[in-house]
Amino acid sequence: MSVTLVTLGCRLNLVESEAMKDAATASGLSDIVIVNTCAVTAEAVRQARQTIRKIKRDTPDKKIIVTGCAAQIEPERFAALDEVTLVIGNDSKTKRETWSELAQSLRDEDHAYPRVRVADIMAVTEHAPHFVSAFSENTRAFVEVQNGCDHRCTFCIIPYGRGVSRSVPMGDVVDQIAKLVDAGHKEAVLTGVDLTSYGPDLPGSPKLGQLVKAILKHVPDLKRLRISSIDSVEADDDLIDAIASESRLMPHLHLSLQSGDDLILKRMKRRHLRNDAIRICTELKKARPELVFGADLIAGFPTESDEAFENSLRLVDECDLAFLHVFPYSPRNGTPAAKMPQVKSNIIKSRAKRLREKGEEVLVKHLQTLVGTEQEILVERGGLARTQCFTPVYVSDRFEAGSLARVKIVAHDGKRLTI
Ligand code: SF4
């Protein structure tokens with residue numbers, strides 16, 4: 001008799017799944033599985049459908065409720081699956097009344113209750129506040145501070161799943177993090193769709209940097225504050241100042257770079273060129289030498305030539321990246337890039353392979369720089385921990401999950417540090 005959450009996709013989905021679990025359980029629902037889907041690639045949507053079928057095979061008596069970006073963008077496609085009881089949109093999924101009304105309709109056996117409850121996400125302008133008291137599975141606490149996106153990168157379907165950019169008021173974020181610290185969390189991770197779009201919809205239009213400074217000022221017991229992924233060229237002055245001067249702000253940034261070629265960046269409708277990315281990385285490293293960068297890079301974006309791809313490969317060193325997330329381009333119906341001349345799939349595959357190999361090379365180089373040093377680690381589950389610069393450390397079961405410890409790094413295995 002329980003509420004089970006199956007979370008696919010990003011950290012934002014993780015936060016929202018925790019909130020849905022709280023709300024669904026509180027409304028007395030049971031024997032339901034909520035599948036929180038992702039739509040970032042066609043493969044992600046395929047995995048969501050596959051997951052739903054498997055859940056029904058394994059637990060035929062459970063009711064399956066589908067939500068998340070894939071359900072928001074293609075509700076009818078999921079409603080057409082026999083395995084699915086209900087499809088809920090991204091806006092209503094975190095609202096408590098959604099779950100209490102559903103519980104009531106199931107108790108009343110109200111067959112008039114609509115199977116598809118998906119509103120026009122573009123009409124949503126308010127951020128539906130939902131707070132998580134603690135994270136049951138994670139030692140790091142993910143905090144949703146922004147949702148939606150006003151940009152239209154030509155390869156991206158996310159705005160159609162998440163709607164316009166909207167921000168959580170600073171006071172609410174500070175309160176949320178204070179509660180998570182009281183619940184024992186040592187690290188809070190600021191999460192959103194496009195974090196650097198934080199604030200223009202709030203009184204006084206605060207920027208992400210102001211939010212970061214407010215959190216560190218008003219939650220003095222928070223040990224570690226981390227920023228998930230940002231568009232580096234949109235980093236505001238306060239944010240750059242906080243990165244340089246706040247030791248509790250973790251020296252790790254994951255950058256949404258996507259390509260190292262100017263023509264491709266223009267065709268992606270990104271807001272930066274390669275020299276902007278190199279300049280901001282160089283400036284930030286000068287301001288905080290221990291800062292470590294990760295980045296998202298797409299291989300094989302439509303019209304990407306061999307030379308353009310080489311520019312992406314070179315960018316890895318020029319921005320001194322240590323962690324690479326490589327995405328082989330896959331067309332998403334409804335995006336402008338899907339209509340552009342496509343790169344052959346075998347070329348996409350070979351470029352993604354070369355980028356991943358580059359990623360392994362720079363990771364080893366980074367790991368080697370930490371051997372022999374002392375590091376503060378936050379212990380997660382499964383014998384893994386993370387340094388302040390987000391580097392994985394294998395600790396076996398020597399430390400309690402959720403605890404902070406200082407350790408001497410003795411070696412690495414090419415993927416993780418060891419102690
Ligand atoms: S900034 Fe671009 S890539 Fe990121 S969510 Fe918005 S449209 Fe997608």
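The values are calculated or read from the model by the stated rules, or taken from the named source; none is laboratory data. Since the model is a prediction, treat every value here as computed from it, not as a measurement. Note: ideal-geometry Cβ built from the backbone for every residue, glycine included; neighbour counts use all protein chains shown. Heavy atoms of the whole protein, side chains included, go into the accessibility calculation; ligands, DNA and RNA do not. Shrake-Rupley method; radii C 1.70, N 1.55, O 1.52, S 1.80 Å.
The relative contact order of the stretch 141-364 comes to 17 percent, based on Cα pairs under 8 Å that sit 6 or more residues apart. Per-residue 3J(HN,Hα) values for the stretch 201-216, derived from phi via the Karplus relation 6.51 cos²θ - 1.76 cosθ + 1.60 with θ = phi - 60°, read 8, 10, x, x, 6, x, 9, 4, x, 5, 4, 4, 5, 5, 4, 5 Hz in sequence order (x marks Gly and Pro). In the complete set of protein chains, residue-level accessible area for Tyr160 is approximately 90 Å², probe 1.4 angstrom. Relative contact order, whole percent, for the stretch 3-119 stands at 26, derived from Cα pairs under 8 Å and 6 or more residues apart. Among the cysteines of the chain, Cys10, Cys38, Cys69, Cys149, Cys389 have no other cysteine beta carbon within less than 4.7 Å of their own. Near Lys269, the amide H atoms lying under 5 Å from its own belong to Thr154; only residues 5 or more places off or on other chains count, and H is placed 1.01 Å from N. With N the number of residues in the stretch 3-119, Rg(Cα) / (2.2 N^0.38 Å) evaluates to 0.96.
Could you work out the relative contact order of the stretch 129-215, using alpha carbon pairs under 8 angstrom and six or more residues apart, expressed as a whole percent? For the stretch 129-215, the relative contact order is 36 percent. Packing around the peptides 351-362, 183-194, taken as the average count of other Cβ atoms within 10 Å per residue, puts them in this order, highest first: 183-194, 351-362.
Computed with a 1.4 Å probe over protein heavy atoms only, the accessible area of Glu144 comes to about 20 Å².
Computed in the context of the full set of protein chains, the accessible area of the chain at 1.4 Å probe radius has 52% of its extent on carbon or sulfur.
Using only the Cα atoms of the stretch 374-418, build the gyration tensor, take square roots of its eigenvalues as a ≥ b ≥ c, and label the shape rounded, prolate or oblate: rounded if a/c is under 1.5, else prolate if a/b is larger than b/c, else oblate. Prolate, since a/c reaches 1.5 and a/b exceeds b/c. Accessible surface computed residue by residue for the chain, with neighbouring protein chains in place and a 1.4 Å probe, gives 43 Å² per residue.
Start at zero, step by 10 Å, and the Cα-Cα distances of the stretch 272-419 spread as 11, 32, 29, 20, 8, 0 percent across the bins.
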